[in-house]
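What follows is one structure encoded as structure tokens, with my remarks underneath.
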Amino acid sequence: MSLKPRRSVLYLPGSNARALEKARTLEADGLILDLEDAVAPDAKQTARRQVVTAVGEGGFGNREVVIRVNGLDTPWGGDDLAAVATAGADAVLLPKVSAPDEVLAAVARLDEAGGPADLPLWIMAETPRGILESHAIAGAHPRLAVVVMGTSDLAKELRLPARGDRLGLLAALSHCLLAARAHGLEILDGVHLDLGDEAGLTAACEQGRDLGFDGKTLIHPRQLAAANRVFAPAMDTVERSRRIIHAWTEARDQGRGVVVVDGRLVENLHVEEARRVLALHDAISALGW
């Protein structure tokens, strides 16, 4: 089993050349080079050129590099997709997706521009309609790989008050997680906006982890450490996973059908999860941070 860690995925404005350069040294599992919300209208074309150049130059190491384009309903979306199709990014992120047809239109534009036939797509769930249509959207195209929660935009659309427990978002978060898992996709939690609230960030990461998310999107490098720590398998979980696989293998070789580890009955589903945990642990160790 081979897994790609996505504990920490950091947004970086494509218009900030210094930030793009610094990104090559950050302990982030993934980078979203942004052409959309983080870029002012008069800087869109500059950001596009800088991002395409930066991706082409490489140097990002094991970090997953994703480009977030503007929507096709904007003046920049079509040109963004044409420009990034052959840039060499690991994936393209589509914002504010509210219907399956938007995914298909973006795929068609990438294909027209000569993009690789296996270029993965990520989609953002950040509109009320997009949340309600998340099952259909997640199954819209086989190249979809990751759902990204856009909790800031969604909270605005839902007129939610700012709350540390994110009470008003819980239904949407769980709904999208179900849709993602139903189609075999990974899913990332939304951002934490208060840069000075370390305890709140940690709590939000823990909540996302406990809901089932694979990692968290972030807006500043100082948030990386918390996400990397919380979304990595704890060492006691890793050790228990090793014991489960050892006991299961030993029982199978001896023709026994029942296994008990640490006083708990172990079934095949527990073995599969143990293998996933160890694969993720190994992949994180290989990153070096």
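The modelled label-to-label distance between D197 and L160, using points 7 Å beyond Cα along the C-beta direction, is 1.2 nm. Each of W289, W76 has some number of other Cβ atoms within 10 Å of its Cβ, and from fewest to most they run W289, W76. Relative contact order of the chain, taken over Cα pairs closer than 8 Å and 6 or more residues apart, is 17 percent. A simple count of charges around T249, restricted to other residues whose Cβ falls under 12 Å of its Cβ and scoring Lys, Arg +1 and Asp, Glu -1, yields +3. Local charge sum around D282 (other residues, Cβ-Cβ under 13 Å, Lys/Arg +1, Asp/Glu -1)? Residues close to D282 contribute a combined charge of +4.
If the chain linking D42 and E57 were pulled fully straight, counting 0.36 nm for each residue of separation and taking away their Cα-Cα distance, it would gain 2.9 nm.
As a length-normalised measure over Cα pairs under 8 Å and 6 or more apart, the relative contact order of region 235-287 settles at 43 percent. Summing Cβ point charges (Lys, Arg +1; Asp, Glu -1) relative to the Cα centre of the chain gives a dipole of roughly 420 debye.
Summing Lys, Arg as +1 and Asp, Glu as -1, what charge do residues with Cβ under 12 Å from the Cβ of A140 carry, A140 excluded? Overall, the nearby charge balance is -2. With a Förster radius of 30 Å applied to the C-beta separation of L132 and R229, the computed FRET efficiency comes to 0.35.
Subtract the Cα-Cα distance of R49 and S285 from 0.36 nm times their separation in residues, and report this length gain in nm to one decimal.
Answer, rounded to one decimal: 81.6 nm.
In this structure, the amide hydrogen of V148, modeled 1.01 Å from its nitrogen in the peptide plane, lies closer than 5 angstrom to those of I123, M124, A125, L188, counting only residues at least 5 positions away or on a different chain. As a rough guide to protection, the peptides 279-285, 172-178 ranked by mean Cβ packing within 10 Å, highest first, stand as 172-178, 279-285. Determine the percent antiparallel among the DSSP beta bridges restricted to the chain, to the nearest 5. That works out to approximately 10 percent antiparallel.
In a fully extended conformation the segment linking R275 and D101 would gain 59.0 nm over its present Cα-Cα distance, using 0.36 nm per residue.
Distance from the alpha carbon centroid of region 42-108 to that of region 117-180 works out to 19 angstrom. Amide H to amide H distances under 5 Å link V261 with V266, where only residues 5 or more positions off or on other chains count and H is placed in the peptide plane.
A simple charge model with +1 on the Cβ of Lys and Arg, -1 on the Cβ of Asp and Glu and nothing else charged puts the dipole of region 208-270 at about 220 debye relative to its Cα centre. By the beta-carbon count within 10 Å of each Cβ, the least crowded to most crowded order of S241, S98, S152, fewest first, is S152, S98, S241.
Modelled spin labels at D262 and A108, positioned 7 Å past Cα toward Cβ, are 5.2 nm from each other. Measuring against 25 Å, Cα to Cα, the residue pairs K4/K44; K4/K156; K4/K216; K22/K96 contain K4/K44; K4/K156; K22/K96 as the ones spanning a longer distance.
FYI, it's all coordinate maths here, none of it is from the lab. The structure displayed is predicted, hence computed values, not measured ones. Here Cβ is always computed from backbone atoms with ideal geometry, including for glycine, and neighbour counts include all displayed protein chains.
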